[in-house]
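Report on one structure; see the data block that follows.
The values are calculated or read from the model by the stated rules, or taken from the named source; none is laboratory data. Everything numeric here is computed off the predicted structure, so don't read it as measured data. Backbone-built Cβ (ideal geometry, glycine too); neighbour counts: all protein chains shown. The protein model used for the area step is the full one, side chains on, heavy atoms only, and it has no ligands, DNA or RNA in it. Shrake-Rupley method; radii C 1.70, N 1.55, O 1.52, S 1.80 Å.
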Amino acid sequence: MRTADQVRRKLTELTKQKQFIQQQLDKDKENSVLTIQIEKLEDMTMMLEWVLNEPSGSYHG
């Protein structure tokens, strides 16, 4: 299990990656690979934010 600080550092890393890829996508709007990468980063970010918010209840329910 990761500590909250590790999760925050990972979130920061993912945010920087997303910003870089977004800059590349702004230059090449037709690049579907970059779009997919951004979607994956957004999914990963959302999951880490969910973990940081100490959810109550079940992930599956």
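E13 exposes around 80 Å² of accessible area when a 1.4 Å probe is run over every protein chain in place.
Under 12 Å from a label point set 7 Å out along the Cα-to-Cβ vector of E54, the amide N atoms of segment 1-33 belong to 4.
Taken about its Cα centre, the chain carries a charge dipole of about 220 debye when Lys and Arg each add +1 at the Cβ and Asp and Glu each add -1 at the Cβ. Cross-link partners for K10 among the lysines, with Cα-Cα distance under 25 Å and sequence neighbours closer than 8 places in the same chain left out: K18, K40. Residues K16, K27, sorted by accessible area with the largest first, give K27, K16 [1.4 Å probe; ligands and nucleic acids excluded]. With N as its number of residues, the chain has a Cα radius of gyration that, divided by 2.2 N^0.38 Å, comes to 1.33.
The GNM of the chain, with springs linking C-alpha atoms under 10 angstrom apart, assigns the highest mean-square fluctuation among K40, K18, K29 to K29.
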